[in-house]
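One structure is given below, encoded as structure tokens.
The values are calculated or read from the model by the stated rules, or taken from the named source; none is laboratory data. Everything quoted here is computed from the prediction, not taken from an experiment. Here the Cβ positions follow ideal geometry from the backbone for every residue, glycine too, while neighbour counts run over all protein chains shown.
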Amino acid sequence: MIQAFELNRQYHSIKGEIDKKIQEVLDKGNMILGENVSCFERDFSGYCNTKFGIGVGSGTAAIHLALLSCGVSNGDEVITVPNTAVPTVSAISLANAIPVFVDVDPETYTINTKKIEEGITRKTKAIIPVHLYGHPCDMDPVLEIAEKHGLRVIEDACQAHGAKYKGRSVGSLGDIGCFSFYPTKNLGAYGDGGMVVTRNEELAETVRLLRNYGQTEKNVHKIIGFNSRLDEIQAAILRVKLKHLEEWNASRAGKARLYHKLLDDSVITRPVERKWARHVHHLYVVRSGKRNQLQEWLKSQGILTNIHYPTPVHMQEAYSYLGYGKGSFPVSERNAGEILSLPMFPELTREEIERVAAAVNSMKQ
Ligand SMILES: *Cc1c(COP(=O)(O)O)cnc(C)c1O
């Protein structure tokens, strides 16, 4: 069996280091907002080329608190895409704002920057571009439009740790960048975690208060806050794993190149990588008009795959109140019916990629 994603091979390759660090945290007994969190905040914000990093409870929380720090509130509108993980949109709802969708580019599957202005109204406060599957959005037009209309840009970089746009790190391009450390992400914890990165000290300070009961110091509460902190054990694990991230991303890029070379593009459509992009291949997503058949065929060959995502957010029951429907976003809807995520993780072997590619190619019509 080839899994779509597998965590154990990676754990076993770093088990000694990880177990030692977890043990150290337990021996010390300081579980919340200790030195592992502050060191990891410094290291990861440095890795993203931003000044501040604030560890939070999840990627969803990162986006939620980022929106609040930007002053997004009741009835404000926030622009994003419908072909994202639902939590991008949940975070907008948690801030009491209204999600406004724009469709995506038919090749990169990231926000179609020519459509953004159609979604802007007097109520629009922010844009959340999603660096989907590890490929960065075309950020220059996003930033220009935001500047022109006085909007904040909050990057959803939950799938794109280490990705670059014209040589600049994702998360550092807009006002604020949001990351998830969900176990399957390029940089994953062994539980939940997230981080907000920014160069803006004021936004950083607000997120720092919001994640910890709105507290400036013990028993002093300046604003109404939440409990949303990265914990010491996860931070200790992430400090170990961050040292390997570049090597793991390079390994993913090698697998993607091999897939690209071996896959027959008369059977499936391969993913693209723009000239200005450093893609970090969180997922390797192909398209097929016979997607369900292809997925079944691969399963019969012992190869497991996933779909990210089978239902665009505007077609989810939870968001039916927005009044969108079938046909509202043709590219996102086409993709939902055609995309398939082939196995992709740094520890996949060359032989496994060859087996997957051969199985895909043999699905001749
Ligand atoms: C994973 C993910 C999130 C949510 O992160 P959690 O840590 O699971 O809350 C948000 N947006 C995107 C694009 C994601 O892939």
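When the residues of region 320-333 are narrowed to those that are assigned to a helix (DSSP H, G or I) and farther than 11 Å from residue 101 by Cα, which ends up farthest from the chain's Cα centre (by Cα)?
Here is the first cut: in region 320-333, the ones assigned to a helix (DSSP H, G or I) are 320-322, 330-333.
Filter once more, so that each one left must be farther than 11 Å from residue 101 by Cα: 320-321, 330-331, 333.
Details: 320: 24, 321: 25, 330: 23, 331: 20, 333: 20 Å.
That would be 321.
Under the condition of being in a strand (DSSP E or B) and more than 12 Å from the chain's Cα centre (by Cα), which residue from region 155-167 is surrounded by the most Cβ atoms within 10 Å (Cβ to Cβ)? Reasoning before the result, please.
As a first pass, look at region 155-167 and keep what is in a strand (DSSP E or B): 155-156, 164-165.
With the extra rule that they be more than 12 Å from the chain's Cα centre (by Cα), the set shrinks to 164-165.
Values: 164: 18, 165: 23.
Checking each candidate, the answer is 165.
With the condition kept exactly as written, say whether any residue in region 138-150 is within 11 Å of the chain's Cα centre (by Cα), buried (at least 22 other Cβ atoms within 10 Å of the Cβ) and of a type outside the set (Phe, Trp, Tyr). Lay out the reasoning, then the answer.
Step one: filter region 138-150 for residues within 11 Å of the chain's Cα centre (by Cα), giving none.
Checked against the condition, which is being within 11 Å of the chain's Cα centre (by Cα), buried (at least 22 other Cβ atoms within 10 Å of the Cβ) and of a type outside the set (Phe, Trp, Tyr), region 138-150 yields no hits at all.
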Single residue of 157, 204 found to be within 27 Å of residue 120 (Cα to Cα), modelled with pLDDT of 95 or more, within 9 Å of the ligand (Cβ to nearest atom) and of a type in the set (A, V, I, L, M) = 157
Does residue 86 satisfy being surrounded by fewer than 24 Cβ atoms within 10 Å (Cβ to Cβ), away from the ligand (no atom under 12 Å from the Cβ) and among the aliphatic types (A, V, I, L, M)?
-> no
Note on region 316-333: residues surrounded by fewer than 19 Cβ atoms within 10 Å (Cβ to Cβ) and either in contact (Cβ under 8 Å) with a residue 40 or more places away in the chain or within 16 Å of residue 255 (Cβ to Cβ) (or both) are 316, 318, 322, 324, 328, 330
Taking region 163-187, which residues are under 16 Å from residue 249 (Cα atoms) and in contact with an Asp or Glu (Cβ under 7 Å, 6 or more places away or on another chain)?
-> 170
Test: residue in region 131-149 that is closer than 27 Å to residue 286 by Cα, in a strand (DSSP E or B) and modelled with pLDDT of 95 or more = no
Of the candidates 45, 38, the one satisfying the condition of being under 23 Å from the mean Cα position of the chain (by Cα) and buried (at least 22 other Cβ atoms within 10 Å of the Cβ) is 45
Residue 76 fails exactly one of (1) in contact with a helix residue (DSSP H, G or I) (Cβ under 8 Å, 6 or more places away or on another chain); (2) surrounded by 15 or more Cβ atoms within 10 Å (Cβ to Cβ), namely (1)
Pairs under 8 Å by beta carbon, first residue within 16 Å of the ligand (Cβ to nearest atom) in region 268-292, partner charged (D, E, K, R) and modelled with pLDDT of 95 or more, six or more apart or different chains?
-> 279/273; 280/252; 281/252; 281/255; 282/185; 282/252; 284/255
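Does residue 298 fit the bill of being in contact with a Ser or Thr (Cβ under 9 Å, 6 or more places away or on another chain), closer than 15 Å to residue 259 by Cβ and not in a helix (DSSP H, G or I)? Lay out the reasoning, then the answer.
Values: in contact with a Ser or Thr (Cβ under 9 Å, 6 or more places away or on another chain): yes; closer than 15 Å to residue 259 by Cβ: yes; not in a helix (DSSP H, G or I): no.
No, not satisfied.
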Candidate set from region 89-134 (those that are among the charged types (D, E, K, R) and without any contact (Cβ under 8 Å) to a residue 40 or more places away in the chain); member that is farthest from the ligand (Cβ to nearest atom) = 122
Name the residue, out of 211, 199, 168, that is within 16 Å of residue 40 (Cβ to Cβ) and in contact (Cβ under 8 Å) with a residue 12 or more places away in the chain.
-> 211
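Residues of region 184-201 being within 15 Å of the ligand (Cβ to nearest atom) and either small (Gly, Ala, Ser) or under 17 Å from residue 170 (Cβ atoms) (or both), which ones?
Of all residues in region 184-201, those within 15 Å of the ligand (Cβ to nearest atom) come to 184-197.
185, 186, 187, 188, 189, 191, 193, 194, 195, 196, 197 - these are the residues of region 184-201 that are within 15 Å of the ligand (Cβ to nearest atom) and either small (Gly, Ala, Ser) or under 17 Å from residue 170 (Cβ atoms) (or both).
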Of everything in region 168-183 that's farther than 14 Å from residue 67 by Cα and either surrounded by fewer than 16 Cβ atoms within 10 Å (Cβ to Cβ) or not hydroxyl-bearing (Ser, Thr, Tyr) (or both), which residue is nearest to the ligand (Cβ to nearest atom)?
-> 181
